[in-house]
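A short worksheet on the structure shown next.
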Amino acid sequence: MKTTKQDKVGIALFLLPGVALFLAFFIFPVIYVAGVSLTEWTGFTKASFVGIDNYIKIFKDPVFTRSIINNIVWALVAGFIQVPIAALVAILLSFKPKGWKMFRTVYFFPQVISGIALATLWAAIFNAEYGLLNGILELVGLSGLTRNWLGTLESAFPSVLLYWVLYIGYFMVIIFADVQGISEEYYEAAEIDGASRFMQSLYITLPLAKGSIVTCMTLAMINGIRQFEQVYMLTNGGPGNRTSVMVLYLYKEMQAFSYGTSSAAAVVLIFVGSLIILGLNKTLGKETH
Amino acid sequence: MKKFIGIFLTGVLSVSLLAGCGGKGAEKPSGEAGKDGDTPVAEQTDTEQPSGDKVTLKWPCIWSGTDSKADVIREIVDDFNEEYADKYEVIIEENTDYQAYRDGLRTSISAGSAPDIFTFDDDFELYLASGRLVDLTERMDAGWSDNFIEGALEEGTFEDKVFAVPYEMGVTPIMYNKRLLAEAGWDSFPETFDELWELADDLVAAGITPFSQMTGENAWTSMLWYSQIVLAIGGPDVYDNPEDPAFVEAAEVMQKLFEYTTGDAVGAGASVSGGHFLAEETAIFINGPWYIGRLQEDGQNDMYEQVEISPVPLFEGGKGEKGGYVGFVQAYIAAGDTGDPAKTEAQIAFLEYLTEPARVSKLSAHSGALFYIQSDGEADYERLQGQMIEQIEAAPYIQKSFNVISPAAVVNEFPQALSSLVLGEFTPQEFVDSLNSKR
């Protein structure tokens, strides 16, 4: 069907509100932040143009480079560990073992709890003096492993990551819904051919659920790049900036009345985030149905 | 016809959406406008004069919720609203999360607006530079300044003009639990650092952890320790030179202090650090008079009765003097300049009301906090509060804490540098260099 001129006007009018909102609330702030990143501004006084000095400054700051690395590690763990675990659980639940509904609810339940509340809970679990984790380790005779999990240079970042990786419910539900939609005929045919459940999962479920898995990986990696509240609540970037991430870095710069460097960090964050997502789409996205 | 309806609906949708974007503050419920101090200029001006000539002031107030000053502040505001019922009304907007309040306030001022009444704890120069503070000089000169203790107003003065009222005083002596000290065989607090280490060893031998420390959040109590030690070593003028060796030496002392603290001190926040002291798990702690309420309400085994206070011990060979104190403005109160003379009049009237000695005495007695306001005759001070006042009066000097004299970037870096120091990643010199690199 040919699109007439009137149709085009209608389409344009329908698109107009969305485009206007997108420009006002996404494009304009990004341009504004990019502009501020080229200035020295306390937020209280007049901004002065400093060119790319803020970018040079933040890239010379080892805390910022550590934050970028932490974010990249976080994104990779999210995309390639957290989501595969979620996919595995979703596939296992799709076999409808006994109590599968309960497990589905249990896995999803933490998603309805605020991240701040969870972080507070885990801060107590990781506490060196009265924490549950050290208590369990002592109970099972592994007291040699007890430590101040969030207060040791080596264990702080893995601890923060580990607790977060466990929350797979959101991705599990998305993948599970996709898996449920796969026609039974494929499995019946595979069964006739003598394929085991493992083989069926590997050659039927995974390829057909690839679209939702890649979507979950994208979402998880975006989450990894923009991490803030968990780190802020659990460690505030410590000890020794070991757990710092980019959003926390820019927040602290803002708190220090350095809006220029804060904005420069925000621009880098957008850039790194875009690179990761583009990379993911290039490698995995094009093969999805 | 269908196309016409489609275009018409699109137009309606566009207009309604865009109208939603550009909504005025007046369309917001009044209770929501300016929440957390984040009140855009348009919202303030749209809602400031609800009816007639009555001026409404909004106060995003941190002294709310469970804060020990909340009840009396509410009472003062209610009394003010009753007394000036025809002219003024002050509306408290409760802010129980201080960091969120602070962020909101800064954002608001950055956006070119300031709340009608607000408090802040440091960076007076920056708030001043915003040009949004009401000049209070004229009324101060007319007699209001008599309410304040001598010299206090200098803290809120710039080029002979008063722009902020120094209100709450922060003094931070050492608090110790005499019952726990007695268990270690001590009946008084050490007068020198050498004795302090002896006490620490005796406490450890008695199975008691000597000190509460923290590196989480803003490392508040440990930052106060660092301030006390820097001053004890370098004397009251030490802050004039950030390269003074006293900073490095104090860092060495901090390393030693952390050898005598709880296993969760690295990464611990204020609630954990204070919680150990309240639970009698540690014997020695630093905080201000506002903590007295916590000692009374949350201290276990009536531990409040066991708490005494002391200035920091003398550091052998240091330039600090016996009895030297750390003190600073814990809260300034200021008024946001709207350019509206009627509002300015109301703002100053309320600030004067809030700083009247009788009211402040009541606030002090109720909360334990100390203020820069002259006491109202024979003030009935709480036990620890009275001790603090005695020690302040006897102090050879009262110098500010490290966070007050340092730029915000240094204050932000302090917890990280401290954790690196006590975990052995930084030497004391590297600790100081790390902080100075943020100046």
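The values are calculated or read from the model by the stated rules, or taken from the named source; none is laboratory data. Predicted, not measured: the structure shown is a model, and the values here were computed from it. Positions of Cβ are generated from backbone atoms using ideal geometry, with glycine treated the same way; all protein chains shown enter the neighbour counts.
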Over region B:393-408, the set of residues in contact with a Leu (Cβ under 9 Å, 6 or more places away or on another chain) and part of a helix (DSSP H, G or I) is B:Phe402, B:Asn403, B:Ala408
Flagged in region B:258-288 as surrounded by 23 or more Cβ atoms within 10 Å (Cβ to Cβ), over 21 Å from the mean Cα position of the chain (by Cα) and more than 10 Å from chain A (Cβ to nearest Cβ), in numbering order, are B:Thr261, B:Thr282, B:Ala283, B:Ile284
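Here is a check on your reading of the model: is A:Gly194 away from chain B (no Cβ under 14 Å), loosely packed, with under 12 Cβ neighbours inside 10 Å and not in a helix (DSSP H, G or I)? It would help to see each step written out before you state the result.
Details: away from chain B (no Cβ under 14 Å): yes; loosely packed, with under 12 Cβ neighbours inside 10 Å: yes; not in a helix (DSSP H, G or I): yes.
So A:Gly194 passes the test.
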Only unsatisfied item for A:Ile69, checking (1) part of a helix (DSSP H, G or I); (2) free of Cβ contacts under 8 Å to residues at least 12 places away in the same chain; (3) more than 30 Å from B:Val266 (Cβ to Cβ), is (3)
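Filter region B:145-173 down to residues that are closer than 23 Å to B:Trp63 by Cα and assigned to a helix (DSSP H, G or I) and give me whichever is nearest to the other protein chains (Cβ to nearest Cβ).
Taking region B:145-173 first, the residues closer than 23 Å to B:Trp63 by Cα are B:147-149, B:152-153, B:155-156, B:163-173.
From what's left, assigned to a helix (DSSP H, G or I): B:147, B:152-153, B:155-156.
Working: B:Asn147: 29, B:Ala152: 24, B:Leu153: 22, B:Glu155: 19, B:Gly156: 17 Å.
Going through the qualifying residues, I end up with B:Gly156.
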For region A:221-243, check the following and say yes or no: at least one residue is without any contact (Cβ under 8 Å) to a residue 12 or more places away in the chain, more than 14 Å from chain B (Cβ to nearest Cβ) and either of a type in the set (Ser, Thr, Tyr) or not in a helix (DSSP H, G or I) (or both).
no
Checked pairs for region B:157-168, first on the phi < 0 side of the Ramachandran plot, second of a type in the set (S, T, N, Q) and in a strand (DSSP E or B), C-beta under 7 Å and 6 or more apart or across chains, list as B:Glu168/B:Gln330
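Say whether the condition of being surrounded by fewer than 19 Cβ atoms within 10 Å (Cβ to Cβ), modelled with pLDDT under 85 and within 14 Å of chain A (Cβ to nearest Cβ) is met by at least one residue in region B:29-41.
no
I'm checking my understanding of the structure. Among residues of region A:244-264 that are in a loop (DSSP other than H, G, I, E, B) and buried (at least 24 other Cβ atoms within 10 Å of the Cβ), which one is farthest from the other protein chains (Cβ to nearest Cβ)? I'd like the intermediate steps shown before the answer.
Going residue by residue through region A:244-264, those that are in a loop (DSSP other than H, G, I, E, B) are A:244-245, A:256-258.
Applying the additional criterion that residues be buried (at least 24 other Cβ atoms within 10 Å of the Cβ) yields A:244-245, A:258.
Details: A:Ser244: 8, A:Val245: 13, A:Ser258: 7 Å.
So, considering only residues that are in a loop (DSSP other than H, G, I, E, B) and buried (at least 24 other Cβ atoms within 10 Å of the Cβ), the one farthest from the other protein chains (Cβ to nearest Cβ) is A:Val245.
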### Task
Tell me, please, whether a residue that is within 14 Å of another protein chain (Cβ to nearest Cβ) and farther than 30 Å from B:Glu308 by Cβ can be found in region B:132-141.
yes
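Could you tell me whether any residue of region A:20-33 is within 14 Å of another protein chain (Cβ to nearest Cβ), crowded, with 18+ Cβ neighbours inside 10 Å and part of a helix (DSSP H, G or I)? Step through it out loud before you land on a result.
Looking only at region A:20-33, we keep the residues that are within 14 Å of another protein chain (Cβ to nearest Cβ), and these are A:20-26, A:28-29, A:32-33.
With crowded, with 18+ Cβ neighbours inside 10 Å added as a condition, the list becomes A:33.
Adding the requirement that they be part of a helix (DSSP H, G or I) leaves A:33.
Looking for residues that are within 14 Å of another protein chain (Cβ to nearest Cβ), crowded, with 18+ Cβ neighbours inside 10 Å and part of a helix (DSSP H, G or I), one finds at least one in region A:20-33, hence yes.
Kindly establish whether B:Val230 is crowded, with 20+ Cβ neighbours inside 10 Å, in a helix (DSSP H, G or I) and modelled with pLDDT of 95 or more.
Working: crowded, with 20+ Cβ neighbours inside 10 Å: yes; in a helix (DSSP H, G or I): yes; modelled with pLDDT of 95 or more: yes.
Yes: the conditions hold for B:Val230.
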Here the residues within region B:174-225 that are in a loop (DSSP other than H, G, I, E, B) and surrounded by 23 or more Cβ atoms within 10 Å (Cβ to Cβ) are B:Ser212, B:Gln213, B:Met214, B:Thr215, B:Gly216, B:Ala219
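Inside region B:381-409, can you point out the residues that are within 14 Å of another protein chain (Cβ to nearest Cβ) and either in contact with a Pro (Cβ under 9 Å, 6 or more places away or on another chain) or among the acidic types (Asp, Glu) (or both)?
Across region B:381-409, the qualifying residue is only B:Ser406.
Identify, from the list A:Ile136, A:Ile168, the residue that is on the phi < 0 side of the Ramachandran plot and touching a residue at least 40 places away in the same chain (Cβ under 8 Å).
On the way: A:Ile136 fails: touching a residue at least 40 places away in the same chain (Cβ under 8 Å).
One residue alone meets the criteria, A:Ile168.
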When restricted to B:Val360, B:Val422, the only residue buried (at least 23 other Cβ atoms within 10 Å of the Cβ), in contact (Cβ under 8 Å) with a residue 12 or more places away in the chain and out of contact with any helix residue (DSSP H, G or I) (no Cβ under 6 Å at 6 or more places or on another chain) is B:Val360
Contact list, first residue from region B:250-267 and at positive phi, second anywhere and not in a helix (DSSP H, G or I), beta-carbon distance below 7 Å, six or more apart or interchain, is B:Gly267/A:Asn148; B:Gly267/A:Leu150; B:Gly267/A:Gly151; B:Gly267/A:Thr235; B:Gly267/A:Gly238; B:Gly267/A:Pro239; B:Gly267/B:Thr215; B:Gly267/B:Gly216
All conditions in (1) in a helix (DSSP H, G or I); (2) in contact (Cβ under 8 Å) with a residue 40 or more places away in the chain; (3) within 30 Å of A:Gly238 (Cα to Cα) are true of A:Arg104 except (3)
Among (1) within 14 Å of chain B (Cβ to nearest Cβ); (2) under 30 Å from A:Val179 (Cβ atoms); (3) not β-branched (Val, Ile, Thr), A:Ala78 falls short only on (1)
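Please state which one of A:Glu154, A:Glu138, A:Glu129 is touching a His at 6+ places or on another chain (Cβ under 9 Å) and within 14 Å of another protein chain (Cβ to nearest Cβ).
Numbers: A:Glu154 fails: touching a His at 6+ places or on another chain (Cβ under 9 Å); A:Glu138 fails: touching a His at 6+ places or on another chain (Cβ under 9 Å).
Step by step, each of A:Glu154, A:Glu138, A:Glu129 is checked, and only A:Glu129 is touching a His at 6+ places or on another chain (Cβ under 9 Å) and within 14 Å of another protein chain (Cβ to nearest Cβ).
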Expected single match for at pLDDT 90 or above and either out of contact with any helix residue (DSSP H, G or I) (no Cβ under 7 Å at 6 or more places or on another chain) or more than 27 Å from A:Leu76 (Cα to Cα) (or both) among A:Leu137, A:Leu162, A:Leu133 is A:Leu137
